[in-house]
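Beneath this line is the structure, given in structure tokens, with notes to follow.
The values are calculated or read from the model by the stated rules, or taken from the named source; none is laboratory data. What you are looking at is a predicted structure, and each value in this text was computed from that prediction instead of being measured. Quick reminder, even Gly has a Cβ in these numbers, built from the backbone with ideal geometry, and neighbours come from all protein chains shown.
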Amino acid sequence: MRLPVSHISLRNFRRFGIIAVLLSFASEGMLAQVESSVDTTLIRIGEEIQYTIEVSADTTDLVLFPEGQSFAPLETIESYKTDTLRQDARYRLVKKYGLTQFDSGAYTIPSQRVFINDIAYPTDSVAVEVRDVAVDTTQQKMFTIKPAVEVKNPPIDWKKWLLWIGLVALILGGIAYLFYRKKKKEAEKEVVLEPYEEAMVSLHSLDQSNWLKEGNSKTYYSQLTEIVKRYLDREVDDRAQESTTDELIFRLQMHKDAGELDLDTATLKKLDAVLKRADLVKFAKFKQLEGQAKADRSTVEEVINETKAAIPEPTEEELRENEAYLEALQKQRKRKRWIYGISGVAGLLLLGGIVYGSIKGFDSLRDIFFSNVTKELAEGRWVRSEYGTPAIIIETPDVLVRQDASLPEGSQAGISNIDMFSFGDFRHFYTSVSTVQFAGQQEFDLDAAVEGSLQELERKGATNLLAKKESFSTEKGITGVKAYGEFNFVTENGKELPIPLAYEILTFSQANGMQQVMIVYPTNETYAEAIKERIINSVELEVLETQTQ
């Protein structure tokens, strides 16, 4: 459902509603000519005079506009890009120059020569006046020269410091992560000794220690029991290191009874005696003589040797299972390294994003990672140009492109020309400009034009269209009607856009013509509202001799 804009007569709607929305269009041909004009003949020092040369020529003609400082005594501050409009088999070329003067007085813009196929066409000279900027010195207070003042240290820019701290943290975190990975790779490259070889190397290192000479029996026996338990843990029982002496001897006896360990009972008794003496030294602070300690060391070596001989050789199936286990363990370790690495990088990126977002804003952070069409339009180079007849002068993010269409039967009566130019699409940002020129003075119903434009939006897929209406005036005082509101949009494939669209339509009526500007954009676009305001504020109109307000 759509809220009604106003009551519209059926007769006026049929006559003018279609005109405002079709906006299709071929331009009429113009007579070959060279014309010049200025936007003003009176400026203050340093202000800009916009000098315009319009040429109507055939599409095959070679047209050369004046370049350089050919406007002396006025200075050329900018030569604007030539605007080309195609009208049937001819071109309408519009060239603008920005001129100024920094000395007051009366000046004459000299006649300029435009060459068309090597034939010079002179323009008219124009008299202009440059006035001083008025300064009333009687009202301006005069002050003595102030003495030099020592400036205190400026306040600390915490946002800037936080940004630099965040960047430094990211760099240091990256270096630390690379160092960690390097160390881990080096550790992985180290050769892992077999259980028996590891035990023999550890016993040899224990022999080289000075624990017994220094009277430190506790440390000596702690390392001795650690060596034998670690060997048994890797070769016989994976719970050996966490077991007490009685539990370990019991579990070894179980392995012996199950036929998994062909070990003599005497060997188990010797191991039991060594471990119990070690418990006395470690927990009861019992001082053991150096001779007994060395004897216990030899006993441990004998137990390891006898255990190695008592372990049955693994079957082929056990070897395959062990190989598969080692391969799975290696994959698991590799997977963990990837998880740790990705988590570290993600954490650093998250930290950097939080720091940047807290300083610059999270909308700015989003625009960095995701392309924002409206931001590119807002910050790009805009174009100011004239479109249609009677012309609409407007500034847009890009050049509006002429659209071709045809009027339906029965609507051509009284119309001499109709034009439409547009840019963009409803999903991002859409702008259109349309003009209608009548064959003679006619009354035009603005409400009918607005209603026709809204019905055209509905025809293109607008639903739930809300319409509000108010008067609108340009900076030069030309009045018209502004319609605005929101609607939902259904695409050609039947899908509705998740975000409502906002629109604004400016419609102006003159005795010999109608001019209209339409803007449509998503309501959630951050920069769209600013783009719309800039376009609306730039609108100026070509005023015909007689205007109906």
Selection status of LEU170, within 30 Å of SER343 (Cα to Cα), touching a helix residue (DSSP H, G or I) at 6+ places or on another chain (Cβ under 6 Å), surrounded by 10 or more Cβ atoms within 10 Å (Cβ to Cβ) and at pLDDT below 75: no
Tally of residues being surrounded by 14 or more Cβ atoms within 10 Å (Cβ to Cβ), in a helix (DSSP H, G or I) and over 60 Å from the mean Cα position of the chain (by Cα) across the range 230-249: 4
Residue tally, condition buried (at least 16 other Cβ atoms within 10 Å of the Cβ) and assigned to a strand (DSSP E or B), over the range 489-536: 21
Every residue from the range 473-509 that is aromatic (Phe, Trp, Tyr) and either under 36 Å from the mean Cα position of the chain (by Cα) or over 17 Å from ILE535 (Cβ atoms) (or both): TYR484, PHE487, PHE489, TYR503
Test: residue in the range 212-222 that is among the β-branched types (Val, Ile, Thr) and surrounded by fewer than 14 Cβ atoms within 10 Å (Cβ to Cβ): no
Hits in the range 443-473 - residues which are surrounded by fewer than 18 Cβ atoms within 10 Å (Cβ to Cβ), in a loop (DSSP other than H, G, I, E, B) and modelled with pLDDT under 85: GLU443
Qualifying residue in the range 34-56 (condition: aliphatic (A, V, I, L, M), modelled with pLDDT under 85, farther than 24 Å from GLU129 by Cβ and surrounded by 12 or more Cβ atoms within 10 Å (Cβ to Cβ)): no
Leading residue by the ranking (surrounded by the fewest Cβ atoms within 10 Å (Cβ to Cβ)) among those in the range 82-97 that are touching a residue at least 40 places away in the same chain (Cβ under 8 Å) and either in a loop (DSSP other than H, G, I, E, B) or outside the structural domain of SER36 (by TED's automatic domain parsing) (or both): ALA89
Boolean, ALA295 is in the same structural domain as ASP238 (by TED's automatic domain parsing) and either among the aliphatic types (A, V, I, L, M) or closer than 30 Å to ARG181 by Cα (or both): yes
